[in-house]
Structures are given as structure tokens and as C-alpha cells.
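Peer 1: Here it is, the structure in full.
None of the figures in this text is laboratory data; all of them are computed from the coordinates on show. Since this is a predicted model, take the numbers as computed values, not measurements. Ideal geometry is used to build each Cβ from the backbone, glycine not excepted, and the neighbour counts take in all protein chains shown.
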Amino acid sequence: MHKRILIVEDEASIRDMIAFALRRADLEVVHAADAQAALVAIADAPPDLILLDWMLPGMTGLELARRLRGEERTAEVPIIMLTARGEEMDRVNGLDAGVDDYVVKPFSTRELIARIKAVLRRAQADGGTGSIEIGGLRIDGPAHRVYAGDARIEIGPTEYRLLHFFITHPDRVYSRAQLLDQVWGGSVYVEERTVDVHIRRLRKTLESFGLDSLIQTVRGTGYRFSATR
Ligand code: CA
């Protein structure tokens, strides 16, 4: 069955370019030029994934993302945010609006499709299974939230994806190349040292909760997530 992608983008040229590329990649496309039109399309039938532009006339993409996360029917629909470089990118990365990933403009449609496929794969693997808990760390899959005990951990989308992959694949060693493939969707635009950068950030975040030892470096091989030393 074809996956249905909703593109929410006010610039017709970008919308058409994305729609064309997605259809060529065997994805079904629905589009909307603003948040209101998106809500109508979603009420009609929730899509498998939403590509959401940050800057929209009226309600912004971020406001729409929050609203969709807050509604039971759309809480689990994956969202990829399209942002301009700079401040928007920092803000999406720094806060948790329940966004699964973000792609910075200008982007190549090839990279966009790789990201879409990675997010769809993860959504499928999740199967809406709810929360997973290991070693004092809990991930609430549908809500895209991470907790240490009762304390909510603020985490960026890439670190969330990395952590989600680790927690669903514990006690196994993964090389940087494997992590790139699994977490970044095998994007050729990402270098292996990017993995180290995000591992460092993730550890730093977990450090405040005394949970950084969950992510272990396996010298000469890669990384492992484990509650046992
Ligand atoms: Ca726009």
C-alpha cells in the first residue's frame, strides 16, 4: 500500500517540486497551502506523514505541529519540518514540538525522500507501542517524549531518534555507518563524525540525570546502549 504524505507549504513552486519527487518515489501526495487547509485535509483522512513548512501565512507550522500532537487522532502522525537555515533550525532543534525530523531549505529532493523513508520505517517499527523503559530512562513513543523517572528530558529531534533507536535495540554494538543508516536513513550527505557529535550531545543531556553511562563507547567498533556495564 502506498504511503500518503501531506505537504503543507505555501510556496507553490516548492510544493510542486516536492510533490513531483514524492510521486516518482511511489508516494501518494496530498497538499495544502496553509494550516487551515491542512486541518481540513487531515480531518478527511490522517496521512502517514506530514511535511510541514515552518513559515506559513496565519498559523505557523510549529503551532500546527503542537496542535496535531495534542489531538489523539493525529498525535502519532510523523512530522518532518521544513525550515530556513539559522534561527528556525536552532529553535526546532532546541525544543520539543513533537517533530520527528527537520530538513533545512534549500534541500535536495533525494535527501528529503531519504529522510521521509527513514521516518516512515521508524513509525512502522514503533507500531504505536507506547512507552519503553530501560535503566531508568523512558521513551513515550506516541508523544515523542523522554523521561528520567518523572522528570521530562528536553531533547532535540536527532538525539530523540538516536535514543529511540538505541532503546529499541539495546545490548548490541552498532558502528557509526550502521547508526547513520538506521537513524539518518543512509543519507549520503551526512558524515560519520556527525554520529559522534550527536552521541556527545545525547550523553551531555543524559548526564544531568545521571544516565549518560547507558550509552557506551565500544573502542574501535562503535556504540552500544545498555543498562548493564
Ligand atoms: Ca513558507
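Peer 1: Counting only helical runs of four or more DSSP H residues, what would the 222 nm mean residue ellipticity of the chain come to if each run contributes -39,500 (n - 2.57) and the total is spread over all its residues? Write out the running numbers ahead of the final one.
Peer 2: Working: 8 runs with 95 residues, N = 229.
That comes out to -13000 deg cm²/dmol.
Peer 1: Same structure, new question: Give, in whole angstrom and from largest to smallest, the semi-axes √(5λ) of the equivalent ellipsoid of the chain, with λ running over the eigenvalues of the Cα gyration tensor.
Peer 2: Values: eigenvalues 182, 72, 50 Å².
Semi-axes (√(5λ), whole Å): 30, 19, 16.
Peer 1: On to the next question. Quick one: length gained pulling His169 to Asp150 fully straight, 0.36 nm per residue minus the C-alpha distance? Numbers along the way, then the final one.
Peer 2: Details: separation 19, 0.36 × 19 = 6.84 nm, distance 2.31 nm.
Contour length minus the Cα-Cα distance gives 4.5 nm.
Peer 1: Right, another one. Just to verify a number: FRET efficiency for Ser131 and Ala12, C-beta to C-beta distance, R0 = 41 Å, to 0.05? Let's see the in-between values first.
Peer 2: Details: r = 41 Å, r/R0 = 0.99.
Rounded to the nearest 0.05, the efficiency is 0.50.
Peer 1: If neighbour count is taken as other Cβ atoms inside 10 Å, put Thr221, Thr60 in order from fewest to most. Kindly include the intermediate steps, with their values, before the conclusion.
Peer 2: Numbers: Thr221 11, Thr60 16.
With the sparsest Cβ surroundings first, the list reads Thr221, Thr60.
Peer 1: Per residue, how much space in cubic angstrom lies within the convex hull of the C-alpha atoms of region 4-124?
Peer 2: Numbers: hull volume 11.4 nm³, N = 121.
Enclosed volume per residue, from the Cα hull, is 94 Å³.
Peer 1: How about Lys3: which lysines have a C-alpha closer than 16 Å to its C-alpha, ignoring those fewer than 8 places off in the same chain?
Peer 2: Lys117
Peer 1: Further, regarding this structure: Taking the Cβ of each residue in Asp53, Asp140 as the centre, tally the other Cβ atoms inside 10 Å and list the residues starting with the fewest.
Peer 2: Arranged by neighbour count, lowest to highest, Asp53, Asp140 become Asp140, Asp53.
Peer 1: Treating only the Cβ of Lys, Arg, Asp and Glu as charged (+1, +1, -1, -1), what charge dipole size does region 4-124 show about its Cα centre? Round to the nearest 20 debye.
Peer 2: Details: 16 positive and 21 negative charges, 82 e Å.
In total the dipole reaches around 400 debye.
Peer 1: Just need the Rg to Rh number for region 131-225, please, alpha carbons only, Kirkwood Rh.
Peer 2: Values: Rg = 12.6 Å, Rh = 13.4 Å.
Here the Rg-to-Rh quotient is 0.94.
Peer 1: Let me ask something else about it. Treating only the Cβ of Lys, Arg, Asp and Glu as charged (+1, +1, -1, -1), what charge dipole size does the chain show about its Cα centre? Round to the nearest 20 debye. Show your work: numbers first, answer last.
Peer 2: Values: 31 positive and 34 negative charges, 170 e Å.
Dipole of the chain, to the nearest 20 debye: 820 debye.
Peer 1: Please order Val183, Val40, Val104 by the number of other Cβ within 10 Å, starting at the fewest. Could the numbers behind the result be given before it?
Peer 2: Numbers: Val183 23, Val40 10, Val104 15.
Ascending Cβ contact count within 10 Å gives the list Val40, Val104, Val183.
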